[in-house]
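Visitor: Take a look at the following structure, please.
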Amino acid sequence: MNTATDLHQTPEWAEFMSRLGWKIELLENGEGEVCRVFIKNLPFLGSIVKTMRPAFVPFGQLEELAKRRRALFIKVESAEGGPEEKVLLANGYVRDNWPLCPTKIVSVDLKPGLDELWNKFSKDARYSIRKAERNGITIEVIPLNDAILTPKRLQSFYKIFKSTGQEKGFWIPPRRELEAKVLAFKDKGYFILARFGPDEYLSGSLVIFSGKTAYYEYAAATIVGRKLLAQYLVVWELIKMAKERDCNLLDLGGIADPRFKISRRWGSLSVFKSKFCGVESTYPGSYTKYYNPLIKFLFKFNL
């Protein structure tokens, strides 16, 4: 659905990965397209190599890179419409069950006007947005640059984020990873925080604007926030912001994918995201080529 450069292939994402200790190599196909590859060096062992959602998969160049970097394995998660499984299998890759990116997402076409988008929302979504406003929820928008200068706002979001993960059983990245992403996308992102009263934050999202796409990158809500329907007002604010920035698409992120056990806990997220007139997109999945038989054995049996 989205033909623009995926967020995972932007220079900002490369900066984010670099801040986490990954090396970056650019592979080109001679037609102006670039595949960003991320390498983590492991002392005495070699390296691990991965690329997420590239515009093309340069199998030959990846093979050369693997030899040069003494890769234990290469992990490829191609973009929508990427190589078919038979092509990946023919190049020595096998499907794995531990994707790094959502394999199924919901995205909203933002080209219609706000009124038309509103009318496309489910009845429950429209009611919830109005109810959140009547409940006294207000929205605070903080540019990531300001969040860097006032860490209290970043801390407020991470507190909600972490508690949501603990309650729902989701994996939540460590705070240093959130901070690295904020620094990398400092000129292209915002925190949208839902507040009740002067300083009680109940819900929020880290949003990133890249090209003509808005990304609902991280989201969270407390138990009280969900009761007051604060998360609906956050998405509505994001949609209005995206329209003001002339975005064509809102990527609401991952939903449950029956192919992967890791997403089975995303049922409630899937229901929530389905209420905003979005379209589901399915990615090919996650494939790995192993160069070390012991590593292959360990991953095969989840050891």
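The values are calculated or read from the model by the stated rules, or taken from the named source; none is laboratory data. Since this is a predicted model, take the numbers as computed values, not measurements. Note that each Cβ is placed from the backbone with ideal geometry, even for glycine, and that neighbours are counted across all protein chains shown. We work out accessible area using only protein heavy atoms, side chains counted, and drop any ligands, DNA or RNA first. Shrake-Rupley method; radii C 1.70, N 1.55, O 1.52, S 1.80 Å.
Visitor: Just to check your reading of the model, which residue among 252, 228, 238, 233 is crowded, with 21+ Cβ neighbours inside 10 Å, modelled with pLDDT of 95 or more, in contact with a Lys or Arg (Cβ under 7 Å, 6 or more places away or on another chain) and not polar (S, T, N, Q)?
Guide: When all the criteria are applied, what remains is 252.
Visitor: Being open to solvent by less than 10 Å² (accessible area, probe 1.4 Å) and part of a helix (DSSP H, G or I) is the requirement here; does residue 66 meet it?
Guide: Taking the combined requirement at face value, the residue satisfies it.
Visitor: While we're looking at this one, here's another question. Residues in the stretch 79-92: is at least one touching a His at 6+ places or on another chain (Cβ under 8 Å) and under 21 Å from residue 214 (Cβ atoms)?
Guide: no
Visitor: Write out, first by first residue and then by second, each pair whose Cβ atoms fall under 6 Å of each other, whose residues are 6+ apart or on separate chains, and whose first residue, in the stretch 77-92, is of a type in the set (A, V, I, L, M) while the second is outside any loop (DSSP other than H, G, I, E, B) and surrounded by 13 or more Cβ atoms within 10 Å (Cβ to Cβ).
Guide: Taking only residues 6 or more apart or on different chains, the pairs are 88/287.
Visitor: Let me ask another. Kindly indicate whether any position in the stretch 16-26 is in a helix (DSSP H, G or I), in contact with a helix residue (DSSP H, G or I) (Cβ under 7 Å, 6 or more places away or on another chain) and more than 18 Å from residue 211 (Cα to Cα).
Guide: yes
Visitor: Is it the case that some residue within the stretch 154-170 is without any contact (Cβ under 8 Å) to a residue 60 or more places away in the chain, in a helix (DSSP H, G or I), among the aromatic types (Phe, Trp, Tyr) and more than 28 Å from residue 261 (Cα to Cα)?
Guide: Within the stretch 154-170, none of the residues are without any contact (Cβ under 8 Å) to a residue 60 or more places away in the chain, in a helix (DSSP H, G or I), among the aromatic types (Phe, Trp, Tyr) and more than 28 Å from residue 261 (Cα to Cα).
Visitor: Something else now. Report yes if residue 116 is more than 21 Å from the chain's Cα centre (by Cα) and either of a type in the set (Asp, Glu) or in a loop (DSSP other than H, G, I, E, B) (or both), otherwise no.
Guide: Judged against the criteria, residue 116 is a match.
Visitor: Check every one of the strands (runs of 3 or more DSSP E) wholly within the stretch 189-264 and list those with 1 or more residues that are over 28 Å from residue 282 (Cα atoms) and of a type in the set (Ser, Thr, Tyr). Give the steps one after another, and end with the answer.
Guide: On the way: elements: 189-196, 200-210, 213-221, 249-254.
In the stretch 189-264, the matching strands (runs of 3 or more DSSP E) lie at 200-210.
Visitor: Name, by its number, the condition in (1) assigned to a helix (DSSP H, G or I); (2) open to solvent by less than 40 Å² (accessible area, probe 1.4 Å); (3) not hydrophobic (A, V, I, L, M, F, W, C) that does not hold for residue 281.
Guide: The one condition residue 281 does not meet is (1).
Visitor: Need the failing condition index for residue 98 against (1) surrounded by 14 or more Cβ atoms within 10 Å (Cβ to Cβ); (2) among the aromatic types (Phe, Trp, Tyr); (3) more than 23 Å from residue 209 (Cβ to Cβ), just the number.
Guide: All conditions pass for residue 98, except number (1).
Visitor: For the stretch 105-160, give me each residue that is open to solvent by 40 Å² or more (accessible area, probe 1.4 Å), among the aliphatic types (A, V, I, L, M) and either farther than 14 Å from residue 193 by Cα or out of contact with any helix residue (DSSP H, G or I) (no Cβ under 8 Å at 6 or more places or on another chain) (or both).
Guide: 114, 148, 149
Yes/no matrix, rows are residues, columns are (1) aliphatic (A, V, I, L, M); (2) in contact (Cβ under 8 Å) with a residue 12 or more places away in the chain; (3) over 20 Å from residue 128 (Cα atoms):
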site: 216; (1), (2), (3): no, yes, no
site: 255; (1), (2), (3): yes, yes, yes
site: 281; (1), (2), (3): no, yes, yes
site: 299; (1), (2), (3): no, yes, yes
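Visitor: Can you tell which of 165, 189 is within 20 Å of residue 245 (Cα to Cα) and open to solvent by less than 10 Å² (accessible area, probe 1.4 Å)?
Guide: 189
Visitor: Right, another one. State whether the residues of the stretch 260-269 include one that is touching a strand residue (DSSP E or B) at 6+ places or on another chain (Cβ under 6 Å) and either at pLDDT below 95 or within 21 Å of residue 13 (Cβ to Cβ) (or both).
Guide: no
Visitor: Within the stretch 176-187, is there a residue that is modelled with pLDDT of 95 or more and in contact with an Asp or Glu (Cβ under 7 Å, 6 or more places away or on another chain)?
Guide: yes
Visitor: Show the residue pairs that are 6+ apart or on different chains and have beta-carbon atoms under 6 Å apart, the first residue being within the stretch 1-27 and at pLDDT 95 or above, the second being among the hydrophobic types (A, V, I, L, M, F, W, C) and surrounded by fewer than 16 Cβ atoms within 10 Å (Cβ to Cβ).
Guide: 14/24
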